[in-house]
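Laboratory data are not the source of any read-out in this text; all were calculated from the coordinates shown. From a predicted model like this one, the values you see are computed outputs, not experimental measurements. Here Cβ is always computed from backbone atoms with ideal geometry, including for glycine, and neighbour counts include all displayed protein chains.
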Amino acid sequence: MANAITKGALIYEGKAKKVFEAGQPDHVIQYFKDDATAFNAEKRGTIVEKGVVNNKVSERLFRLLEDAGIPTHFLERLSDREMLTKRVTIILIEVVVRNRVAGSLAKRLGLKEGDAIEPPIVEFYYKNDALGDPLITEDHIRLLNLAAPSVVNQIKAWANRINQLLVPFFQERGMILVDFKLEFGLHHGKLILADEISPDTCRFWDQKTGESMDKDRFRKDLGKIEEAYQEVLRRVCG
């Protein structure tokens, strides 16, 4: 398939990716950048080879989920930084699944970072940079007309199923999946998983040391950012 793909005009450029025409209306090409942002883009930088890591890790995880019956937008990895995907209309809801207390949850509720959350919780955030992607409820989703209740129920069910698949996958690789963000879209009216699953969108801790292996190293100026991303790539795809 890759030989027949022609990268066309730039459709959209976000904080972490560029999206291009792919020569047919149903497909697009995602290009993964090395640009890094945090705190609603107030902090900016570059993580060398981040785009390569995120592309390859996302491919591995999308294939895992597809094999388990979760439909995704993934079609093919075209190069180190490029992925062919289905064209989707993104639902403006960021879905966060939490297995342990960390990040904004600890700050918001005064909970101890690292404590297990049993059963895991699913949170919704309004995908709106101007508003800072605020936490929202299912009632807010209905108020904003972001998705029908049946779609929200399907998103929640798939989010929990994805978590059930990913937690043991990472455990086998010496990693704790603390929490992660998902985005979903509509493709010909059907709900599918979109965006990426990577150290940019997941919080990973090493099982033995508890060290962060994700974008928190950039957010918190912990150093060894590139090394952490490369280690995730090695464990996931090696």
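Tabulated data for the structure shown
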| item | result |
| --- | --- |
| Total residues in region 82-113, condition part of a loop (DSSP other than H, G, I, E, B), touching a strand residue (DSSP E or B) at 6+ places or on another chain (Cβ under 6 Å) and of a type outside the set (A, V, I, L, M) | 1 |
| In region 26-81, the residues that are among the aliphatic types (A, V, I, L, M) and assigned to a strand (DSSP E or B) | VAL28, ILE29, ALA36, ALA38, LEU75 |
| Complete set of residues in region 51-69 that are surrounded by 20 or more Cβ atoms within 10 Å (Cβ to Cβ) and of a type in the set (Val, Ile, Thr) | VAL53, VAL57 |
| Close pairs from region 164-193: first of a type in the set (S, T, N, Q), partner surrounded by fewer than 18 Cβ atoms within 10 Å (Cβ to Cβ), Cβ under 8 Å, at least 6 apart | GLN171/GLN207 |
| Search result, residues across region 215-238 that are surrounded by fewer than 23 Cβ atoms within 10 Å (Cβ to Cβ), free of Cβ contacts under 8 Å to residues at least 60 places away in the same chain and either hydrophobic (A, V, I, L, M, F, W, C) or touching a strand residue (DSSP E or B) at 6+ places or on another chain (Cβ under 6 Å) (or both) | LEU222 |
| Per-region count, region 11-29, residues surrounded by 17 or more Cβ atoms within 10 Å (Cβ to Cβ) and in contact with a Phe, Trp or Tyr (Cβ under 8 Å, 6 or more places away or on another chain) | 6 |
| Residues being loosely packed, with under 13 Cβ neighbours inside 10 Å and of a type in the set (A, V, I, L, M, F, W, C) - total across region 70-117 | 2 |
